[in-house]
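Chemist: Shown below is the structure under consideration.
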Amino acid sequence: MIVKRFVGDNAEGALRQAKTELGEDAIILSSGPTRDVWWRFWQRRYQVLVAADMKERAAAEPRPRPLAPIPLVRPDVRPAPRQPEAPWSEMVGLLQSLDRRLKRLEDVEDAEVPPRGHGAAEALLMTAGVSEGLAVQLAEKLPRDDWRDPLKARLLERLGRPQPVSLKDPIVLTAVGPTGSGKTTTLAKLAAHFALVQKRRVLLVTTDTYRVAAAEQLRTFAAILSVPLEVALRPQEVEGLVARSTHDVILIDTAGRSPFHELHLAEIHSVIRAAAVRGPSEVLAVLPATMRAEEMLLAARRFAPEGAKICFTKLDEAERPGAMIEAALALGWPLGYMTDGQSVPEDIEAGDPARLVNWVLNPDPVAGGETHG
Ligand SMILES: Nc1nc2c(ncn2[C@@H]2O[C@H](COP(=O)(O)OP(=O)(O)OP(=O)(O)O)[C@@H](O)[C@H]2O)c(=O)[nH]1
Ligand SMILES: [Mg+2]
């Protein structure tokens, strides 16, 4: 496929050139006046951005035979499997998005001064890893000059108030999420905080009996904290433990699973239901900040029920905060906790939207930690 911009004195001229060169089947991706600066409006010309599938055109024309076949790989190297070609409509969509981005860049160049208002806010959000669509939405109608504070306020409002668990009444909290997302470590951090700082009677329960040494990992933490640990082999055992327990806080660990394995997901959902045997119970969707937003969304929706609390982990390993903001806004669930290191119990804090927002506005400091507040 080929993509080319044609410029003429008027729309007809530009289109004629495009058709002569690329044929009648070429697709117009965008058209309009060239984007000259306003004081050159009398020189304004017309441009079209056109894409054409040159394979089809080439097929119609006789092709010269190559003189001798040239091997493209060394004989001992196995050729990589051919990637399926993206469908034509997908390519056109991609090109149109590319063209929109190019136009934005042209706007910046045309203006010959740094972008202001929504343009600058969009650029900042996208640098932070927020998708183009959400960046455009969040930057809409911001003032031209002092846009940073309004953007901050808008983001904070959209992210909502953080909601760590309340210890007013006894609680049951089940951690769910993808493999290695930090469920066990986060529960150990919470157990330490609730037992040692809040002086509550804590019970740890693990249902992760699949991985060798998974229960041992939590048993080690439990022993250090002097907190009892129960191992539940089946969801029914969780129900019995929760029903009988007189502890202030019951923290339930689940096994990391693939979000696509229906049977394993069903087991985790059974644990969540069992945990609610004596009344409302909390679910913590543990999502690593290093994941892409789409992966976080999929995992959260597959593992956790609607309205679960989000716990973003591994902020210290994430380069940008965009995926977390994108996922939190798309889910609309409250931010419960954030963790930023492997140390138990210190590397955990209540969900802090301001930290994420400051990280967007000051992209350089590591993990937004320097700008906390
Ligand atoms: N850098 C960093 N590492 C973390 C954080 N939280 C957990 N980890 C590490 O991530 C790895 C996996 O943590 P676990 O707590 O075992 O994760 P899990 O979700 O229980 O894993 P599975 O039970 O296997 O699904 C360990 O090496 C942890 O030390 C964090 O906030 N930052
Ligand atoms: Mg675990």
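The values are calculated or read from the model by the stated rules, or taken from the named source; none is laboratory data. What you see is a predicted model, and the numbers here were worked out from it, not measured in a lab. Reconstructed Cβ throughout: ideal geometry from the backbone, glycine too, with neighbour counts over all protein chains shown. Just the protein is used for accessible areas: all its heavy atoms, side chains included, with ligands, DNA and RNA removed. Shrake-Rupley method; radii C 1.70, N 1.55, O 1.52, S 1.80 Å.
Residues are listed down the side, and each one gets a yes or a no for (1) at pLDDT below 95; (2) closer than 19 Å to Thr184 by Cβ:
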{"residue": "Arg273", "(1), (2)": "no, no"}
{"residue": "Ala285", "(1), (2)": "no, yes"}
{"residue": "Phe303", "(1), (2)": "no, yes"}
{"residue": "Gly322", "(1), (2)": "no, no"}
{"residue": "Ile325", "(1), (2)": "no, no"}
{"residue": "Pro334", "(1), (2)": "no, no"}
{"residue": "Tyr337", "(1), (2)": "no, yes"}
{"residue": "Pro345", "(1), (2)": "yes, yes"}
{"residue": "Ile348", "(1), (2)": "no, yes"}
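Chemist: For the range 184-207, enumerate the residues that are closer than 20 Å to Leu263 by Cα and open to solvent by less than 10 Å² (accessible area, probe 1.4 Å). I'd like the intermediate steps shown before the answer.
Modeler: Taking the range 184-207 first, the residues closer than 20 Å to Leu263 by Cα are 206-207.
Answer for the range 184-207, where residues must be closer than 20 Å to Leu263 by Cα and open to solvent by less than 10 Å² (accessible area, probe 1.4 Å): just Thr206.
Chemist: Looking at Thr209, is it over 18 Å from Ile171 (Cβ atoms) and touching a Leu at 6+ places or on another chain (Cβ under 8 Å)?
Modeler: Numbers: over 18 Å from Ile171 (Cβ atoms): yes; touching a Leu at 6+ places or on another chain (Cβ under 8 Å): yes.
For Thr209, the condition - over 18 Å from Ile171 (Cβ atoms) and touching a Leu at 6+ places or on another chain (Cβ under 8 Å) - is met.
Chemist: Could you please let me know if Leu196 is more than 16 Å from ligand 2 (Cβ to nearest atom) and not assigned by TED's automatic domain parsing to the domain that holds Pro33? Give the derivation first.
Modeler: Values: more than 16 Å from ligand 2 (Cβ to nearest atom): yes; not assigned by TED's automatic domain parsing to the domain that holds Pro33: yes.
Considered against the rule, which asks whether it is more than 16 Å from ligand 2 (Cβ to nearest atom) and not assigned by TED's automatic domain parsing to the domain that holds Pro33, Leu196 comes out as yes.
Chemist: Suppose we filter the range 162-187 for residues that are within 27 Å of Val357 (Cβ to Cβ) and within 16 Å of ligand 2 (Cβ to nearest atom); how many remain?
Modeler: Final tally of qualifying residues: 10.
Chemist: Taking Asp208 as meeting all but one of (1) out of contact with any helix residue (DSSP H, G or I) (no Cβ under 7 Å at 6 or more places or on another chain); (2) within 22 Å of Ala299 (Cα to Cα); (3) acidic (Asp, Glu), write down the number of the exception.
Modeler: Here Asp208 meets the rest and fails (1).
Chemist: Identify, by number, the condition in (1) under 28 Å from the mean Cα position of the chain (by Cα); (2) not assigned by TED's automatic domain parsing to the domain that holds Ile310 that Lys183 doesn't meet.
Modeler: (2)
Chemist: Mind checking which residues of the range 102-124 are over 20 Å from Trp147 (Cβ atoms) and either modelled with pLDDT of 65 or more or touching a helix residue (DSSP H, G or I) at 6+ places or on another chain (Cβ under 7 Å) (or both)?
Modeler: Of everything in the range 102-124, those that are over 20 Å from Trp147 (Cβ atoms) and either modelled with pLDDT of 65 or more or touching a helix residue (DSSP H, G or I) at 6+ places or on another chain (Cβ under 7 Å) (or both) turn out to be Leu102, Lys103, Glu106.
Chemist: Looking only at residues in the range 232-255 that are over 17 Å from Ala192 (Cα atoms) and within 13 Å of ligand 2 (Cβ to nearest atom), which one is modelled with the highest pLDDT? First the steps, then the outcome.
Modeler: Looking only at the range 232-255, we keep the residues that are over 17 Å from Ala192 (Cα atoms), and these are 232-246, 254-255.
Now drop any that are not within 13 Å of ligand 2 (Cβ to nearest atom), which leaves 254-255.
Numbers: Thr254: 96, Ala255: 93.
Only one residue tops the list, namely Thr254.
Chemist: From the list Val165, Val212, which one is among the β-branched types (Val, Ile, Thr), at pLDDT below 95 and not assigned by TED's automatic domain parsing to the domain that holds Leu298?
Modeler: Among Val165, Val212, only Val165 is among the β-branched types (Val, Ile, Thr), at pLDDT below 95 and not assigned by TED's automatic domain parsing to the domain that holds Leu298.
Chemist: Residues of the range 240-265 being surrounded by fewer than 17 Cβ atoms within 10 Å (Cβ to Cβ) and among the acidic types (Asp, Glu), which ones?
Modeler: Glu262
Chemist: Exactly one of these conditions fails for Ala135: (1) open to solvent by less than 10 Å² (accessible area, probe 1.4 Å); (2) within 16 Å of ligand 1 (Cβ to nearest atom); (3) of a type in the set (Gly, Ala, Ser). Give me its number.
Modeler: The single condition Ala135 does not satisfy is (2).
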